[in-house]
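Participant: Here's a structure for you.
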């Protein structure tokens, strides 16, 4: 993308009430626009990061044999009354409204019940199971407080996967597959070393759940971590009984702040029984469908990555999720514009994502914006380039400047893009 033709603008100040580092940086760098507390609009750069995260998630979910769908966010009350989760005493984050005909509706905060209702019309026999469905969708939760930027929104983008099967053994086997896929996902987005499987309360979902928590000082949770076993316990269930059950020694646990980036819920047959979703087994007997659900907050993950990867100059995106691989700019633009245009065209034709800063502003402003946006590589063209001259290239995380001829430069950047 060319900056002169885009709505991307960096700013020096952010709303005074914005305390979270992720939101401060994302707003300043032109990735998001704050509509109100807990609600953000995603601008081209922010949307590019979201789509890159979704691409990784989609690849892993498809690898599990899951099919992608898109469910409605508008939910009739009757669907949720079957399981008791329409009650505000049970679920206190509902956004609710009413149609003009008086029908009560809610705005989806999760989708177990709607998916079970869908499955009740699709599944009759054991031959129809197992089945895995997932979606990317905007969720709505009426959080009491929303002070963590995109890490805790009242409106946020989520990947939610639902697995329907015939018995607990099949559910447990798939559960383990998703657990492994989640660990791969966090490794791929750059959070593998600091994200841990965590035992937690199931809240309005189940009695217990597994969370994936990323250690970060800005996190809202306190966990007790055993790094050697790569396991943790959320403070909400931290007790001698739980530690004994997990065979964890209190003396070996470290108390740290963390942010939840994923979760897994095992409902067993409870939802099938509550909503009367049955199938006929091999002997013709009616059996309840088993359910498990698996969530990752896409926009929350973006915020956690921003919290983890930044420095005094701005964001420092890992290449796998960065909105572009290269920040290309020209100085002495009248002399270098042709060479820069040619390089931009070559890189984009090779599939390398490039932000081309073709604005008529001072070089220092361009350098500062390249650092603030956190693009992995900066390439500078300072004049006409002959076959014997080179381009300046610098990694966002290093101070060393390197100089490469065009073919070598293109070869290096194309190789990074494909990794």
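The values are calculated or read from the model by the stated rules, or taken from the named source; none is laboratory data. The model shown is predicted, which means the values in this text are computed figures rather than measured ones. Cβ atoms come from the backbone with ideal geometry, glycine included; neighbour counts cover every protein chain shown.
Participant: Just the residues that are assigned to a strand (DSSP E or B) and out of contact with any strand residue (DSSP E or B) (no Cβ under 8 Å at 6 or more places or on another chain), please, taken from segment 311-334.
Facilitator: Of everything in segment 311-334, those that are assigned to a strand (DSSP E or B) and out of contact with any strand residue (DSSP E or B) (no Cβ under 8 Å at 6 or more places or on another chain) turn out to be 311, 314, 315.
Participant: Continuing with this model, one more query. For segment 300-310, check the following and say yes or no: at least one residue is at pLDDT 95 or above, assigned to a strand (DSSP E or B) and under 26 Å from the mean Cα position of the chain (by Cα).
Facilitator: Taking every residue of segment 300-310 in turn, at least one turns out to be at pLDDT 95 or above, assigned to a strand (DSSP E or B) and under 26 Å from the mean Cα position of the chain (by Cα).
Participant: Just checking, which of 147, 96 is out of contact with any strand residue (DSSP E or B) (no Cβ under 7 Å at 6 or more places or on another chain) and either part of a loop (DSSP other than H, G, I, E, B) or over 26 Å from residue 219 (Cβ atoms) (or both)?
Facilitator: Only one candidate qualifies: 147.
Participant: Exactly one of these conditions fails for residue 418: (1) crowded, with 18+ Cβ neighbours inside 10 Å; (2) within 26 Å of residue 308 (Cβ to Cβ); (3) modelled with pLDDT under 90. Give me its number.
Facilitator: If we test residue 418 against (1) crowded, with 18+ Cβ neighbours inside 10 Å; (2) within 26 Å of residue 308 (Cβ to Cβ); (3) modelled with pLDDT under 90, just (1) comes out false.
Participant: Do you know which residues across segment 16-32 are farther than 15 Å from residue 147 by Cα and more than 18 Å from the chain's Cα centre (by Cα)?
Facilitator: 28, 29, 30
Participant: Any residue at all in segment 10-32 that's assigned to a strand (DSSP E or B), in contact (Cβ under 8 Å) with a residue 12 or more places away in the chain, closer than 30 Å to residue 308 by Cα and touching a strand residue (DSSP E or B) at 6+ places or on another chain (Cβ under 7 Å)?
Facilitator: Looking through segment 10-32, at least one residue is assigned to a strand (DSSP E or B), in contact (Cβ under 8 Å) with a residue 12 or more places away in the chain, closer than 30 Å to residue 308 by Cα and touching a strand residue (DSSP E or B) at 6+ places or on another chain (Cβ under 7 Å).
Participant: Continuing with this model, one more query. Is it true that some residue in segment 335-345 is part of a loop (DSSP other than H, G, I, E, B), surrounded by fewer than 19 Cβ atoms within 10 Å (Cβ to Cβ), outside the structural domain of residue 154 (by TED's automatic domain parsing) and on the phi < 0 side of the Ramachandran plot?
Facilitator: No, that holds for no residue.
Participant: Please determine, by comparing only the residues of segment 34-54 that are assigned to a strand (DSSP E or B) and in contact with a helix residue (DSSP H, G or I) (Cβ under 7 Å, 6 or more places away or on another chain), which one is surrounded by the most Cβ atoms within 10 Å (Cβ to Cβ).
Facilitator: Among those residues, the one meeting the criterion is 40.
Participant: Check 102, 149, 153, 108 and return the single one that is without any contact (Cβ under 8 Å) to a residue 60 or more places away in the chain, crowded, with 21+ Cβ neighbours inside 10 Å and in the same structural domain as residue 91 (by TED's automatic domain parsing).
Facilitator: 108
Participant: Does segment 55-84 hold any residues that are buried (at least 16 other Cβ atoms within 10 Å of the Cβ) and within 16 Å of the chain's Cα centre (by Cα), and which are they?
Facilitator: 56, 57, 58, 60, 61
Participant: Filter segment 112-128 for residues that are in contact with a helix residue (DSSP H, G or I) (Cβ under 8 Å, 6 or more places away or on another chain) and either over 16 Å from residue 86 (Cβ atoms) or part of a loop (DSSP other than H, G, I, E, B) (or both); which is modelled with the highest pLDDT?
Facilitator: Only one residue tops the list, namely 128.
Participant: Being surrounded by fewer than 24 Cβ atoms within 10 Å (Cβ to Cβ) and touching a helix residue (DSSP H, G or I) at 6+ places or on another chain (Cβ under 6 Å) is the filter; apply it to segment 322-334 and report the residue that is farthest from residue 109 (Cα to Cα).
Facilitator: 331
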